[in-house]
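I have placed the structure first, in the form of structure tokens, so that the comments after it can refer back to it.
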Amino acid sequence: MDHSGHGMDMDLPPFTLGRGLQFSADPFFLIGCVLAIGLYTYAVLRLRRRGDSWPAGRIVFFVVGVLSIALVMCTKLNDYGMVMFSVHMVQHMVISMLSPILLLLGAPVTLTLRALPVAGRGRTGPRELLLKLLHSRYMKVITHPVFTIPLFIASLYGLYFTPLFDFLMGSKTGHIAMMVHFLAVGLVFFWPIMGVDPGPHRPGYVMRMLELFAGMPFHAFFGIALMMATTPMVGTYQHPPASLGIDALSDQGWAGGIAWAFSEIPSVLVLIALVFQWYRSEQRTAKRSDRAADRDGDQELQAYNAYLASLQARGR
């Protein structure tokens, strides 16, 4: 395997958390993270200047989401992830299962739609294009569970248990593309389930919970398969640098354990978010029907009573 993009790999000292968290930026992800926070802040400020508010909670979720990406891609974790399967697995899990949830709770699409100016009549601006994209057939397909669940599963099995992983890890570009793919898969998987943003495919809450749990057993099984394996399964990590002082098989065991444990964390987070959203929507519905009842003097109830009376009359 060609290690020419990474001169560091050969002399990395044994992994410790302190060493892993040292700053070591991947330019692509560093620029991406700075841009994301910059644009989000700019959009919030635009809304404020206009006199509109934007929930502080969403800002916190979004910023923490971006920082979680920076944590695994702009630190030495990224360097260690090139030679240690366990560290790579932490990167993968955070960027595909934690960052997307946090970013989605920040409602970036809604914010963008509210911050972009409406184009004049008959004209198409960025806002109109974004709306068109949101309602397009393409979006309907890529956010549908028939597409997202197999994609979510395939990006584990199809990547790690085939030569594709080693090929991508062979170059900086391949590695970046793989990480971007993990993030994108996480976003399209969790968006219909618990995203705050408007999306083309929005099933009811019970269906969303089923969608969430459909993907997780495969995820857990992937972790268990790595833990149970008796030989190193991924070429890239078969011969870790001697300076790390680790054994490839036990490191793979750790990677499997991390994948297995991590499949539970997002489930819990998403369930909490879902139950909260469900509760909020029930409250809104109740408020709406209360308001309607006030307006029409409870006509619905009167109609129902009349219906019951008519049934009684017929029964006699």
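At a glance:
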item	result
Failed item in (1) more than 20 Å from Gly81 (Cα to Cα); (2) touching a residue at least 12 places away in the same chain (Cβ under 8 Å); (3) surrounded by 13 or more Cβ atoms within 10 Å (Cβ to Cβ), with Met228 passing the rest	(3)
Extreme residue, farthest from Phe29 (Cα to Cα), among residues of the range 159-177 that are among the hydrophobic types (A, V, I, L, M, F, W, C) and buried (at least 16 other Cβ atoms within 10 Å of the Cβ)	Leu159
Qualifying residue in the range 137-144 (condition: in a helix (DSSP H, G or I) and crowded, with 20+ Cβ neighbours inside 10 Å)	no
Qualifying residue in the range 70-80 (condition: assigned to a helix (DSSP H, G or I) and more than 30 Å from Leu249 (Cα to Cα))	no
Test for Phe161: is it among the aromatic types (Phe, Trp, Tyr) and within 26 Å of Val268 (Cα to Cα)	no
Filter result for Gly215 (touching a residue at least 60 places away in the same chain (Cβ under 8 Å), small (Gly, Ala, Ser) and farther than 27 Å from Asp79 by Cβ)	yes
Residues of the range 26-57 classified as part of a loop (DSSP other than H, G, I, E, B), at negative phi and loosely packed, with under 15 Cβ neighbours inside 10 Å, total	4
Hits in the range 232-267 (condition: over 30 Å from Leu104 (Cβ atoms), part of a helix (DSSP H, G or I) and either hydrophobic (A, V, I, L, M, F, W, C) or free of Cβ contacts under 8 Å to residues at least 60 places away in the same chain (or both))	Ala242, Leu244, Ala248, Leu249, Ser250, Gly253
Which numbered condition Gln22 misses (of (1) closer than 30 Å to Ala229 by Cα; (2) in contact with a Ser or Thr (Cβ under 7 Å, 6 or more places away or on another chain); (3) not hydroxyl-bearing (Ser, Thr, Tyr))	(1)
Selected residue (criterion: surrounded by the fewest Cβ atoms within 10 Å (Cβ to Cβ)) from residues of the range 233-286 that are touching a Leu at 6+ places or on another chain (Cβ under 7 Å) and farther than 21 Å from His219 by Cβ	Ser243
Cross-chain or 6+ apart pairs with Cβ under 8 Å, the range 282-308 first and β-branched (Val, Ile, Thr), then at pLDDT 75 or above	none
Conditions (1) within 27 Å of Phe262 (Cβ to Cβ); (2) at pLDDT 95 or above: number failed by Asp26	(2)
Any hit, the range 4-15, residues being in contact with a His (Cβ under 8 Å, 6 or more places away or on another chain) and modelled with pLDDT under 95	yes
One residue from Thr173, Thr162 being modelled with pLDDT of 90 or more and assigned to a helix (DSSP H, G or I)	Thr173
Residue pairs meeting the criteria (Cβ under 8 Å; at least 6 apart or on separate chains; first closer than 16 Å to His181 by Cα and without any contact (Cβ under 8 Å) to a residue 24 or more places away in the chain, in the range 66-87; second of a type in the set (D, E, K, R) and surrounded by fewer than 24 Cβ atoms within 10 Å (Cβ to Cβ))	none
Out of Phe147, Phe167, Phe152, sole residue that is in a helix (DSSP H, G or I), out of contact with any His (no Cβ under 6 Å at 6 or more places or on another chain) and modelled with pLDDT under 90	Phe152
Scope the range 187-231; condition of a type in the set (Gly, Ala, Ser), part of a loop (DSSP other than H, G, I, E, B) and farther than 20 Å from Ser136 by Cβ; matching residues	Gly204, Ala229
Of residues in the range 178-204 being more than 15 Å from Ala154 (Cα to Cα) and among the aromatic types (Phe, Trp, Tyr), the one surrounded by the most Cβ atoms within 10 Å (Cβ to Cβ)	Phe190
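Here is a yes/no grid of residues against (1) among the aliphatic types (A, V, I, L, M); (2) modelled with pLDDT of 95 or more:
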| position | (1), (2) |
| --- | --- |
| Leu21 | yes, no |
| Gly51 | no, no |
| Phe61 | no, yes |
| Met73 | yes, yes |
| Ser86 | no, yes |
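The values are calculated or read from the model by the stated rules, or taken from the named source; none is laboratory data. Owing to the predicted nature of the structure, the values given are computational and were not obtained by experimental measurement. So basically every Cβ, Gly included, is an ideal-geometry build from the backbone, and we count neighbours across all protein chains shown.
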